[in-house]
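J.: The structure under discussion is supplied below as structure tokens; questions concerning it will follow.
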Amino acid sequence: LLQSVEPAPHSGLKVLLLNVSTAVTHDVFIAFSPTEDPRMLNMTEKGEAGTIWLPREIFQSLSSWTVRVVVMVLNIQQLGMFQEVNQTGQVLNDTVVGITVGETSISGLQKPVQLTFTHGQLPHDVSPQCVFWDPRKGMAGGWSGSGCVTQPRDKETVCSCDHLTFFTLLLNPALDRSTAEALIAIASAGCGVATAFSIFTIAICIFLRYRFRAEETLRTNLGLHVNFMGSLLLLNLAFLLNSGLSGGTQLGTCKVLGGLTHYCLLCCFTWMALEGCHLYLLFVKVLGTYIHHYLAKLCLVGWGFPALVVGVAGVIGSYGEYSIQTTDHQVIAHLCWITSKHVLVHYITNCAYFGLIFLFNTAVFGVVTQKSCCLQDTGAVQGDRKVWKVALVVMGLFCLLGVTWALAFLTHGTSSVPMVYLFTILNSLQGVFIFIWLVILYYPKTKETVGSLSHIIKHDKTTTVSQD
């Protein structure tokens, strides 16, 4: 075994070259440090900052007589490399370790390569994670933990990975046990209260649809609210069932429960989008707008599209047990959800999907607000028929059906405990807020609200015809 240290072309790059015989009879140990060149270690010596253990089976499986091993230690801050978009975790000492053996890519190792990162005592709000750079993630690549196992120890972390590439230790913000348990308790209690108020809201909407069955606009609006509140009710029930049963369920049952929870969440998002579409048709495309079996077609989209997405995700095996851990990697809760191996499914079907819906609803809110202001300026609304009441309805839909979920993106990966508490409380009590909003705006002055709405729409139709 021959060792040589290459002169570094940059202060942020240190390289060690090894020529290893494929008939080697012992494992290979290498020490690395952010400040020193990587070097060979004997089996009894221990590196000061970190060590790399390469099992001899890696070399014995190759066909050539000798193989070249390249170990690179990179300071990504100095080199400006491995910068992930929207990265929440911090790379330990800005150090990335790259390992290559031979000329081919090596993966699926029976005996994984082990990297030991020495970091001292970590803060309580930080959780270490072994990751590697995946160029296929996102537009420009990103950190991924697939194929790596994180083993935290006293003042060091051992990373066991079944492939060779560029590795590092990512320090992610995390919640402590007391905070995590408090958030779970708040979410469970909030979902229980929201479930009850969702039932009350559905009952009120059904009553109003029967009482004002002659007002087609009001009946359609309330029909949309019933379906949305139904999806929210199912989501709360699924979460309560998930948090109560997932800890001791079998794998097949957990997959079904995870798919059901995902389906209810996507239904909730989809009905938010349909509320926005309905507002657009109601306030903007009012001239000659008539769709046969309008509400039935919305139901087909609102309940059918999420089923299609969940079906595809289930076929590829996306659902299973998901563990919530503290900073010391103690599991405090099990949920049946999208597994960590299929995190891309979560980002596409949940984060990206809701992001598009939220942008669309924001645009609709802006268009409707501008249109209402124009009608106010032209004197379209007179007397008690005030546009601000209709605008308040629109604002209620915009805020209550979108903003609380948008907080999830602000708290995703953040260590700000107040923001996490805020999102948990507001989102779990969404059903309560919608109940109060409907009671205040719809029930006491339903005829007045409907009259104002009908007058605005009819006046807009007349104005549009005269302009044409």
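J.: Consider residue 196 carefully, then state whether it is over 30 Å from residue 109 (Cβ atoms), modelled with pLDDT of 85 or more and open to solvent by 20 Å² or more (accessible area, probe 1.4 Å).
T.: On the way: over 30 Å from residue 109 (Cβ atoms): yes; modelled with pLDDT of 85 or more: yes; open to solvent by 20 Å² or more (accessible area, probe 1.4 Å): yes.
Here the answer is yes, as residue 196 does meet what is asked.
J.: Just wondering, is there one or more residues in the stretch 126-136 that are surrounded by 19 or more Cβ atoms within 10 Å (Cβ to Cβ) and not in a strand (DSSP E or B)?
T.: no
J.: Residue under question is residue 44, and the condition is that it be at pLDDT below 90 and more than 30 Å from residue 138 (Cα to Cα); does it hold? Before the answer, list the steps.
T.: On the way: at pLDDT below 90: yes; more than 30 Å from residue 138 (Cα to Cα): yes.
So residue 44 passes the test.
J.: Could you tell me how many of the residues in the stretch 237-258 are open to solvent by 10 Å² or more (accessible area, probe 1.4 Å) and either modelled with pLDDT of 90 or more or under 22 Å from residue 297 (Cα atoms) (or both)?
T.: Here is the first cut: in the stretch 237-258, the ones open to solvent by 10 Å² or more (accessible area, probe 1.4 Å) are 237, 239-241, 243-245, 247-253, 255-257.
From the residues that got through so far, the ones that are either modelled with pLDDT of 90 or more or under 22 Å from residue 297 (Cα atoms) (or both) too are 237, 255-257.
The qualifying residues number 4.
J.: Taking the condition of being within 29 Å of the chain's Cα centre (by Cα), farther than 18 Å from residue 161 by Cα and either not acidic (Asp, Glu) or not in a loop (DSSP other than H, G, I, E, B) (or both), how many residues in the stretch 77-117 meet it?
T.: 13
J.: Is there a residue being modelled with pLDDT of 60 or more, open to solvent by 20 Å² or more (accessible area, probe 1.4 Å) and either touching a Cys at 6+ places or on another chain (Cβ under 6 Å) or outside any helix (DSSP H, G or I) (or both) anywhere in the stretch 363-385?
T.: Taking every residue of the stretch 363-385 in turn, at least one turns out to be modelled with pLDDT of 60 or more, open to solvent by 20 Å² or more (accessible area, probe 1.4 Å) and either touching a Cys at 6+ places or on another chain (Cβ under 6 Å) or outside any helix (DSSP H, G or I) (or both).
J.: Can we say residue 96 is in contact with a Leu (Cβ under 7 Å, 6 or more places away or on another chain) and modelled with pLDDT under 85?
T.: Numbers: in contact with a Leu (Cβ under 7 Å, 6 or more places away or on another chain): yes; modelled with pLDDT under 85: no.
Spelling it out, it is not the case that residue 96 is in contact with a Leu (Cβ under 7 Å, 6 or more places away or on another chain) and modelled with pLDDT under 85.
J.: Here is a follow-up. Can you find, within the stretch 49-68, the residue that is farthest from residue 16 (Cα to Cα) among those that are touching a strand residue (DSSP E or B) at 6+ places or on another chain (Cβ under 9 Å) and open to solvent by 70 Å² or more (accessible area, probe 1.4 Å)? Talk me through it step by step, then tell me what you get.
T.: From the stretch 49-68, those touching a strand residue (DSSP E or B) at 6+ places or on another chain (Cβ under 9 Å) are 49-56, 58-59, 62, 65-68; that's our starting set.
After this cut, where a residue has to be open to solvent by 70 Å² or more (accessible area, probe 1.4 Å) as well, the list is 56, 65-66, 68.
On the way: 56: 18, 65: 20, 66: 16, 68: 10 Å.
So the residue we want is 65.
J.: Moving on. Within the stretch 70-110, restricting attention to residues that are touching an Asp or Glu at 6+ places or on another chain (Cβ under 7 Å) and small (Gly, Ala, Ser), which residue is nearest to residue 141 (Cα to Cα)?
T.: 107
The values are calculated or read from the model by the stated rules, or taken from the named source; none is laboratory data. Since the structure is predicted, the reported quantities are computational estimates derived from the model, not experimental observations. As a convention, Cβ positions derive from the backbone with ideal geometry for all residues, glycine included, and neighbour counts pool all protein chains shown. Accessible surface areas use protein heavy atoms only, side chains included; no ligands, DNA or RNA. Shrake-Rupley method; radii C 1.70, N 1.55, O 1.52, S 1.80 Å.
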